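A short worksheet on the structure shown next.
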Amino acid sequence: MRVAAAQSGPIQKADSRQAVVRRMIDLLDRAKAQRCDLVVFTELALTTFFPRWHMTDPAEVDACFEREMPSAATRPLFERAREHGIAFHLGYAELTPEGRRFNTAILVDRGGRTIGKYRKVHLPGHAEFDPARSFQHLEKRYFEPGDLGFPVWRAMGGILGMCICNDRRWPETWRVLGLQGVEMVVLGYNTPSVNSQKPGEGPQQRMFQHRLSLQAGAYQNSTWVVAAAKCGVEDGHPLMGGSMIVNPDGEVVAEAATLDDELVVADCDLDATAFGKQTVFDFARHRRVEHYGRITGQTGVILPPEE
Ligand code: CDT
């Protein structure tokens, strides 16, 4: 299938949902012109990356969340995708009827039906204002950890899975998806270009870590990976780009050239995942679960006893 990572340029806090959705529809139209089957939008694709803001007014927080999907503002996106016969992946802040808040992504099929939902498991950052940081990353304030695990879906003639941004840095994410035979992992991200706690860690090093995570996840689980950035200078804060598509050998086959709205397109043969899954990463033959208990049995590090 032909897949597009729909990279997003910056979204300012003052930008309306309608304006953002217009930009996304333009990307869908471009994807149609390139005969794409699936478009992967980014994490929190409808708003600025609001966890950088320490908000205390509940109404201000609520304005960043979606109570329904599609909503009046997002329905035109669903309709245009259905007209084009394009499936898509969309990240947004979800406020449930029970008042729970998640950093969520959905998978919508070519007919406009939502067939999958994922809620971000690995929330980075902190819950309270931290004066020691050069900017805030308050995901733990605004979201609770996802409660849906890492499911996969039979869709687009293959097995698709989702994760979100920081999840890509965790090998556990990839292996849980890999253990379900995943053939394509789609994800969006908002990654600041600099580390708010380590001034020396700039865009080059961050891009290296991003590539390392995606390429290792793809190779070690023999899966395609499609990663879409929100990037550029948002509310005065730079986010890195680097949207890319990685093949099951861990090679980058397509990559963004800008820090703006851009489609990154590649033809992805899902059968190409078979070789790795049947050889070096044939889990059934090679995994030794009797030695992996610590992976699920403990969270933090337990040091060996002192001599
Ligand atoms: N959105 C998000 O999860 N961002 C995080 C920033 C933390 S930097 C290690 C990310 O993993 O890119």
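Read-outs throughout are calculated quantities, based only on the coordinates presented, and are distinct from any laboratory measurement. From a predicted model like this one, the values you see are computed outputs, not experimental measurements. So basically every Cβ, Gly included, is an ideal-geometry build from the backbone, and we count neighbours across all protein chains shown.
Here are some notes:
- Shape analysis of segment 163-307 places it in the oblate category; the axes a ≥ b ≥ c from the Cα gyration tensor give an a/c of at least 1.5, with a/b not above b/c.
- Each peptide in 78-89, 58-69, 296-307 receives the mean, over its residues, of other Cβ atoms within 10 Å, and ordering these scores from highest gives 78-89, 58-69, 296-307.
- Cα gyration tensor, segment 2-274 - rounded (a/c under 1.5), prolate or oblate: rounded
- Projected label distance in nm at Glu128 and Arg294, using a 7 Å step from Cα toward the beta-carbon: 3.2
- Here r is the Cβ-Cβ distance between Lys13 and Glu251 and R0 is 41 Å; the resulting FRET efficiency, rounded to 0.05, is 0.65.
- Approximating the spin labels as points 7 Å out from Cα along Cα→Cβ, the Ile25-to-Ala73 distance works out to 1.5 nm.
- For segment 21-175, the Cα-based Rg and Dmax, in that order, read 16.2, 49 Å.
- Mean ellipticity per residue at 222 nm, deg cm²/dmol - from DSSP H runs of n ≥ 4 across the chain, formula -39500 (n - 2.57): -7000 deg cm²/dmol
- Lysines whose Cα lies under 16 Å from that of Lys13, excluding same-chain neighbours fewer than 8 positions away: Lys230
- Residues in segment 118-142 reached by a label modelled at Glu172 [backbone nitrogen below 12 Å; 7 Å Cα→Cβ]: 121-123
- Sequence-ordered 3J(HN,Hα) estimates for segment 195-203 from the Karplus curve with 6.51, -1.76 and 1.60 and θ = phi - 60° stand at 8, 5, 10, 8, x, x, 8, x, x Hz, glycine and proline given as x.
- The alpha-carbon of Lys32 sits under 20 angstrom from the alpha-carbon of none of the lysines, leaving out residues fewer than 8 places away in its chain.
- Most to least packed among 166-176, 200-210 [average Cβ atoms within 10 Å]: 166-176, 200-210
- As a ratio to 2.2 N^0.38 Å, the alpha-carbon radius of gyration for segment 130-185 is 1.46.
- Within-15-Å neighbourhood charge of Thr96 [Cβ basis; K, R +1; D, E -1]: -1
- Gln209-Gln197 pseudo-label distance in nm [points 7 Å out on the Cα-to-Cβ vector]: 1.0
- Kirkwood Rh in Å, taken over segment 221-300 so that all alpha-carbon pairs contribute: 15.5
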